[in-house]
Amino acid sequence: MALDLSTSLGPVTLPNPVMTASGCAANGKELARFFDVDRLGAFVTKTVMAQPRSGRGTPRMAETPSGMLNSIGLQGPGIAAFCAGDLPMLKDLGARVLVSIAGGTSTEFADVAAHLRESAAFDCVVGVEVNISCPNVANRGQVFACDPLSSAKVVALVREQLPRDTPVIAKLSPDVTDIVSIAQSCVKAGATGLTMINTLLGVVIDTETLRPALYAVTGGLSGPAIRPVAVRAVWQVAAAMREGRLPTVPIIGVGGVRTGRDALELVAAGAAAVQVGTATFNDPTAPVRVLEELAALVAGKGFTRFTDVVGVAHDRT
Amino acid sequence: MSPVAQVRAAELIATRRAGAYHHVTFVAPGIAESARPGQFVAVAVGGPTSANLLRRAFSIHKVTPSGTYGGTVDLVISAKGAGTQWLTALRAHDTTDIVGPLGRPFPLPAEAAPCVLVGGGYGSAPLFWLAAALKERGCQAHLVLGAATESRLFGVVDARRAGDSVHVTTDDGTAGTKGTVAAVLPAVFRETGAVVAYACGPMGMLRSVTEISAAHGAVAQVAVEEAMACGVGVCMTCVIPVTGNDGLTRMVRSCAEGPVFRGDRIRWDAFDGGRCTVPEDAVGAQAMRSH
Ligand SMILES: Cc1cc2nc3c(=O)[nH]c(=O)nc-3n(C[C@H](O)[C@H](O)[C@H](O)COP(=O)(O)O)c2cc1C
Ligand code: FES
């Protein structure tokens, strides 16, 4: 029996649930050498801010067991160059684009969203992912995602700038005491979906030099090592939705997905879509491979609709 | 961007020691045919469930596009970490996943010209292939190989075959002239009248080749060795500050815009003790200051 892989991001329906992860796929042309990016449910772009950013010094990366630590510092061209170059190029490739945006202040987030809305290629945008795991200048560099009020303010301002039918998806950090309360305030402020999780903060010491391995000292931990944390975050927020503690909105699961089996964990925990990040560095075709493997697994279990598997593990505890 | 192949099960057909290094040959059709000197491959290590997710990048030592086994690529590996140790422990018929050819190759002179090719340690690996390509164009290829000690030189015998002249240096004097390549380079430039220098090796050596080239009116084309997580341009870990034609410095990816850069375009002032600070005048450096 044919499997219906389509999934919904609220106002928008995608043909399948697998995406790239922001910052792990650049902006399209690099991976287009390995597969047609229109095969993905969506292509998630590198977080873009208002101005061009050089990113941090190097080393920016350290390998860790089943993962890596990175501190890129949101290097990017700025929203104007993104709209002039990257977005039209992704549109030409036929991609459905989930644009990741950030700002050092909530108004910068809003300005970036406003600029994006005016882009000639905006019709290829299937949603905006709001990367609130980004330092808040006003709060001594604490990330917005640590604080329910700052998170809500960012989401509300971005929401105002975008058409009603454009999904606004808040990307949450796992480095918080209670991820459900952050999810609640984002949804209340107008988020139509949630992406979980961004990286976990870590430090690696180079034992040869006895210095921090990264130039920026701290970095974000990603890869299969963090998968149980991602599954937990998705599980907790999906459970809270089922209990009616916050409105039910689509969850996009991300963290440590390397295979279709890994993706299925996030889906069964409640994710309506899945992003593939660090695994792409290991295998540039990982996003489409995960899609194929996930489809085969779901079909193999006798399901005919992908959406029937979403959150299924909550009924089997 | 140029075409790239992913060979999911590249078979190892030969592995042998070469001084302190291992010289390995993989069957990699699709990579061998289109590769050019200076390009590299990104090799997965540890198998499909490996805990080492990041690919290891190696400059291509040589290619044989139509061998008995189909196209093959040769790499020179210094086994200094978990990934490279896994690779050098592979035996005939073992396989791994290889992506390539990647990056920008060494640009060849438009007209016949004398060239100096400088390799530090295993950095000499791509130079013999480059020398052959230069000679095909009527260029002279003068080789300079340097290393800390004799066992860390690579390809001295190949160099005698490939080069119009060969100089060897070691820091400890166990082979050739005692000292670094800088000890012999000025004389090589004077004697050969070289107008282009090609170099591959550690950052300090590339900087010194760039400076000595400039002092002799030559252009240096250097292949950098930056830490890379993906090798294919998607992670932004491998950046270095490079000044473009517009005079502006940008943090550019050494895997995609490089690994070969004009030496005089690299902001050597930004490098110190294995770290690189973003120059204050770099594009986008201002925005980093606020957050
Ligand atoms: C090198 C690198 C760069 C990243 N850049 C971004 C970014 O710009 N914006 C963002 O929201 N997340 C970024 N992330 C986080 C990923 O999108 C993802 O949330 C995280 O890595 C967990 O997924 P993974 O284990 O599949 O990589 C980055 C991750 C890595 C490894
Ligand atoms: S190694 Fe990933 S972008 Fe260069």
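The values are calculated or read from the model by the stated rules, or taken from the named source; none is laboratory data. Source: prediction; values computed, not measured. In this analysis, Cβ positions are derived from the backbone assuming ideal geometry, glycine residues included, and neighbour counts consider all displayed protein chains.
Observations on the structure shown:
- Any hit, region A:278-291, residues being more than 21 Å from A:W235 (Cα to Cα), more than 16 Å from ligand 2 (Cβ to nearest atom), surrounded by fewer than 23 Cβ atoms within 10 Å (Cβ to Cβ) and among the polar types (S, T, N, Q): no
- Index of the failed condition, A:R305 passing every other in (1) in contact with a strand residue (DSSP E or B) (Cβ under 7 Å, 6 or more places away or on another chain); (2) crowded, with 17+ Cβ neighbours inside 10 Å: (2)
- Residue count for region B:40-54 under the criterion of being closer than 19 Å to B:A5 by Cα and more than 14 Å from ligand 2 (Cβ to nearest atom): the result is 3.
- Region A:253-277, residues that are within 14 Å of chain B (Cβ to nearest Cβ), buried (at least 24 other Cβ atoms within 10 Å of the Cβ) and of a type in the set (G, A, S): A:G255, A:G256, A:G277
- Selection of region B:37-66 for residues being in contact with a strand residue (DSSP E or B) (Cβ under 8 Å, 6 or more places away or on another chain), in a strand (DSSP E or B) and away from chain A (no Cβ under 14 Å) yields B:F40, B:F58, B:S59, B:I60, B:H61, B:K62, B:V63, B:T64, B:P65.
- Of residues in region B:67-81 being modelled with pLDDT under 95 and assigned to a strand (DSSP E or B), the one farthest from the other protein chains (Cβ to nearest Cβ): B:G67
- Checking each residue in region B:178-232 for being within 14 Å of another protein chain (Cβ to nearest Cβ), in contact (Cβ under 8 Å) with a residue 60 or more places away in the chain, within 16 Å of ligand 2 (Cβ to nearest atom) and aliphatic (A, V, I, L, M) picks out B:M228, B:A229, B:V232.
- Residue within region A:231-252 that is within 16 Å of ligand 1 (Cβ to nearest atom), away from chain B (no Cβ under 14 Å), touching a residue at least 40 places away in the same chain (Cβ under 8 Å) and under 27 Å from A:L31 (Cα atoms) present: yes
- Only one of the numbered conditions (1) in contact with a helix residue (DSSP H, G or I) (Cβ under 9 Å, 6 or more places away or on another chain); (2) within 14 Å of chain A (Cβ to nearest Cβ); (3) at positive phi is violated by B:G103, and that is (1).
- The single condition among (1) touching a Lys or Arg at 6+ places or on another chain (Cβ under 6 Å); (2) within 16 Å of ligand 1 (Cβ to nearest atom) that B:L53 does not satisfy is (1).
- Applying the criterion of being crowded, with 24+ Cβ neighbours inside 10 Å and more than 16 Å from ligand 1 (Cβ to nearest atom) to the residues of region B:222-234, the residue that is nearest to the chain's Cα centre (by Cα) is B:A223.
- Matching entry among B:T84, B:T96 (being within 14 Å of chain A (Cβ to nearest Cβ), farther than 24 Å from B:L130 by Cβ, more than 16 Å from ligand 2 (Cβ to nearest atom) and among the hydroxyl-bearing types (S, T, Y)): B:T96
- When A:H115 is tested against (1) closer than 27 Å to A:S185 by Cα; (2) surrounded by 24 or more Cβ atoms within 10 Å (Cβ to Cβ); (3) more than 13 Å from ligand 1 (Cβ to nearest atom), exactly one condition is not met: (2).
- Verdict on B:P259 being under 29 Å from A:V217 (Cα atoms), away from chain A (no Cβ under 13 Å) and not aromatic (F, W, Y): yes
- Residue, surrounded by the most Cβ atoms within 10 Å (Cβ to Cβ), within region B:140-187, restricted to residues that are among the hydroxyl-bearing types (S, T, Y) and either touching a helix residue (DSSP H, G or I) at 6+ places or on another chain (Cβ under 6 Å) or over 20 Å from B:L75 (Cβ atoms) (or both): B:T169
- The condition of being farther than 25 Å from A:A272 by Cβ, of a type outside the set (K, R) and touching a residue at least 12 places away in the same chain (Cβ under 8 Å) holds for only one of A:G141, A:G202, that being A:G202.
- Residue count for region B:1-13, restricted to those that are in a strand (DSSP E or B) and touching a Phe, Trp or Tyr at 6+ places or on another chain (Cβ under 9 Å): 6
- Looking only at region A:255-276, and only at residues there that are part of a helix (DSSP H, G or I), in contact (Cβ under 8 Å) with a residue 40 or more places away in the chain and within 16 Å of A:A21 (Cβ to Cβ), the one that is farthest from ligand 1 (Cβ to nearest atom): A:V267
- Members of region A:188-208 found to be more than 16 Å from the chain's Cα centre (by Cα) and closer than 16 Å to A:A240 by Cβ, listed by number: A:K188
- Which listed residue, of A:A62, A:A110, is in contact with a strand residue (DSSP E or B) (Cβ under 8 Å, 6 or more places away or on another chain) and crowded, with 19+ Cβ neighbours inside 10 Å: A:A62
- Among the residues making up region A:51-82, those that are away from ligand 2 (no atom under 16 Å from the Cβ) and more than 8 Å from chain B (Cβ to nearest Cβ) are A:T64, A:I79, A:A80, A:A81, A:F82.
- Residue in region A:118-130 that is of a type in the set (D, E) and surrounded by fewer than 24 Cβ atoms within 10 Å (Cβ to Cβ) present: yes
- One residue stands out in region A:277-308 among those that are touching a residue at least 12 places away in the same chain (Cβ under 8 Å) and among the small types (G, A, S): the one that is nearest to ligand 1 (Cβ to nearest atom), namely A:G277.
- Among (1) surrounded by 22 or more Cβ atoms within 10 Å (Cβ to Cβ); (2) β-branched (V, I, T); (3) modelled with pLDDT under 95 - the single one B:I98 does not satisfy: (3)
- Test: residue in region B:235-257 that is surrounded by 21 or more Cβ atoms within 10 Å (Cβ to Cβ) and without any contact (Cβ under 8 Å) to a residue 12 or more places away in the chain: yes
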